[in-house]
Amino acid sequence: MISENINFIRKSIDAASSVYGQNVELIAVTKTFPYTDVSQALKCSIKHIGESKIQEAIPKFAALNGELNGIWKHFIGHLQSNKAKKAVENFDLIHSLDSLSLAQDINRHAQNINKVQNCLIEVKVSKEDTKTGVRPDDVESFYNSCKNLSNVSIKGLMVITPLGSTPEESRNYFRSIHSLFKKLQFDNANFGILSMGMSDDYITAVEEGATMVRVGSAIFGKRDYGNK
Ligand SMILES: *Cc1c(COP(=O)(O)O)cnc(C)c1O
């Protein structure tokens, strides 16, 4: 089942990426799913896995042990400052950088272990106040502030579309974030990652220029939050 799902998603991504011709990485979002499922996905040449909670990810990574060699681990959930140290120690790319104080905390913890931590700026497109992320108008100045942090490397942007958006509503968000991405990328080849699209809208996201999609339930099935 998992392998059929992954094959189907890969074919869909290939077709959708013909618009821009970009290379697209598929992140298998493994939150709430057991390490045995992750293991199956890794057998299908999945190179990227995503988790959204530190306390869930760390024991799962430990259970997978040697299977994670060469696999990129992505932190995709909201990151609180008191979890920044563990995130730096355990993840290759943090998708949810949303404040300067968090960036400073990440920088400090990365310095302590001689690491340059790769991060994406999470862009807030939802009007709801409860949603985290940097407002589109503020992304450029936030990006410039982060350039002073020697142990943080900003690789691009991440966006989560508002819950309940139809793919066509999402398309408008994707399109505007893609143009912001292109603007910031203008003179920086290192700024190359645009993380957008989940199970319900990854095809649209790829059509609109995503270079990373974060797909969970379309690979592993329905998530059961009550039983993890
Ligand atoms: C859970 C999650 C996903 C994957 O969601 P699916 O709808 O299961 O594909 C992607 N991105 C983030 C930030 C998530 O929290």
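The values are calculated or read from the model by the stated rules, or taken from the named source; none is laboratory data. Nothing here was measured: the structure is a model prediction, and the numbers come from that model. Heads up, the Cβs are rebuilt from the backbone with ideal geometry, glycines too, and the neighbour counts pull from every protein chain shown. Note: accessible area is taken over every heavy atom of the protein model, side chains too, but ligands, DNA and RNA are not part of it. Shrake-Rupley method; radii C 1.70, N 1.55, O 1.52, S 1.80 Å.
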Exercise. What are the residues in the range 136-171 that are open to solvent by less than 70 Å² (accessible area, probe 1.4 Å), without any contact (Cβ under 8 Å) to a residue 24 or more places away in the chain and not in a helix (DSSP H, G or I), if any?
Worked result: T166
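Just to verify a result, which residue in the range 190-228, among those that are assigned to a strand (DSSP E or B) and either near the ligand (Cβ under 8 Å from one of its atoms) or among the polar types (S, T, N, Q) (or both), is farthest from Y35 (Cα to Cα)? Give the steps one after another, and end with the answer.
Taking the range 190-228 first, the residues assigned to a strand (DSSP E or B) are 193-196, 212-215.
Keeping just the survivors that are either near the ligand (Cβ under 8 Å from one of its atoms) or among the polar types (S, T, N, Q) (or both) gives 195, 214-215.
Details: S195: 24, R214: 18, V215: 16 Å.
Looking at residues that are assigned to a strand (DSSP E or B) and either near the ligand (Cβ under 8 Å from one of its atoms) or among the polar types (S, T, N, Q) (or both), I get S195.
Please go through the range 184-228 and pick out each residue that is open to solvent by 70 Å² or more (accessible area, probe 1.4 Å) and at pLDDT below 95.
Applying the first criterion (open to solvent by 70 Å² or more (accessible area, probe 1.4 Å)) to the range 184-228 yields 186-187, 189-190, 198, 200, 222, 224-228.
F186, D187, A189, N190, D200, K222, D224, Y225, G226, N227, K228 - these are the residues of the range 184-228 that are open to solvent by 70 Å² or more (accessible area, probe 1.4 Å) and at pLDDT below 95.
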Problem set entry | Members of the range 25-57 found to be open to solvent by 50 Å² or more (accessible area, probe 1.4 Å) and either without any contact (Cβ under 8 Å) to a residue 60 or more places away in the chain or at positive phi (or both), listed by number | P34, Y35, T36, Q40, K43, S45, K47, K53, Q55
Exercise. Which of (1) open to solvent by 20 Å² or more (accessible area, probe 1.4 Å); (2) over 12 Å from the mean Cα position of the chain (by Cα); (3) within 16 Å of the ligand (Cβ to nearest atom) is the odd one out, the single condition K73 does not satisfy?
Worked result: (2)
Problem set entry | Among residues of the range 82-101, those that are open to solvent by less than 10 Å² (accessible area, probe 1.4 Å) and more than 16 Å from the ligand (Cβ to nearest atom), counted | 2
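Restricting to the range 1-24, count the residues that are crowded, with 18+ Cβ neighbours inside 10 Å and polar (S, T, N, Q).
Filtering the range 1-24 down to residues crowded, with 18+ Cβ neighbours inside 10 Å leaves 2, 5-6, 9, 13, 16-17, 24.
If we keep only those that are polar (S, T, N, Q) as well, we get 5, 17.
Residues flagged as crowded, with 18+ Cβ neighbours inside 10 Å and polar (S, T, N, Q) within the range 1-24 amount to 2.
On the given criteria, is H109 closer than 23 Å to N144 by Cα, within 14 Å of the ligand (Cβ to nearest atom) and open to solvent by 10 Å² or more (accessible area, probe 1.4 Å)? It would help to see each step written out before you state the result.
Values: closer than 23 Å to N144 by Cα: yes; within 14 Å of the ligand (Cβ to nearest atom): no; open to solvent by 10 Å² or more (accessible area, probe 1.4 Å): yes.
Considered against the rule, which asks whether it is closer than 23 Å to N144 by Cα, within 14 Å of the ligand (Cβ to nearest atom) and open to solvent by 10 Å² or more (accessible area, probe 1.4 Å), H109 comes out as no.
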Problem set entry | Every residue from the range 22-52 that is within 12 Å of the ligand (Cβ to nearest atom) and more than 13 Å from the chain's Cα centre (by Cα) | T32, F33
For this session: Just give me the residues in the range 161-179 being modelled with pLDDT under 95 and within 16 Å of the ligand (Cβ to nearest atom), in sequence order.
Result: T161, P162, L163, G164, S165, T166, P167, E169, S170
